[in-house]
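Heads up: the structure comes next, in structure tokens.
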Amino acid sequence: MSKKAKTPWPTKDVMTQIYEKHFWGGKGHDFYSGWGSHDTKITKPYLDNVTSFLKSFP
């Protein structure tokens, strides 16, 4: 028994549905990707590393 390979769904279509159906953030926000995008325990280390990386270029 062989399974038919699934056709991948284009990323743009996935993201459009996520925002249209408010899967991230609920009905109160149009473009809210979740609490992790606003938690300084998560964002500060990320921003520090990105900043350091970008400063490493001349």
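The values are calculated or read from the model by the stated rules, or taken from the named source; none is laboratory data. Here the structure is a predicted model, which means the values were calculated and not measured. Here the Cβ positions follow ideal geometry from the backbone for every residue, glycine too, while neighbour counts run over all protein chains shown.
Mind counting the residues in the stretch 5-26 that are assigned to a loop (DSSP other than H, G, I, E, B) and surrounded by 10 or more Cβ atoms within 10 Å (Cβ to Cβ)?
4
Checking Ser2 against (1) modelled with pLDDT under 80; (2) within 18 Å of the chain's Cα centre (by Cα); (3) loosely packed, with under 10 Cβ neighbours inside 10 Å: exactly one of these is not met. Which one?
Of everything listed in (1) modelled with pLDDT under 80; (2) within 18 Å of the chain's Cα centre (by Cα); (3) loosely packed, with under 10 Cβ neighbours inside 10 Å, Ser2 misses just condition (2).
Could you check the stretch 38-58 and list, in sequence order, the residues that are of a type in the set (Gly, Ala, Ser) and either surrounded by 10 or more Cβ atoms within 10 Å (Cβ to Cβ) or assigned to a helix (DSSP H, G or I) (or both)?
Ser52 - this is the single residue of the stretch 38-58 that is of a type in the set (Gly, Ala, Ser) and either surrounded by 10 or more Cβ atoms within 10 Å (Cβ to Cβ) or assigned to a helix (DSSP H, G or I) (or both).
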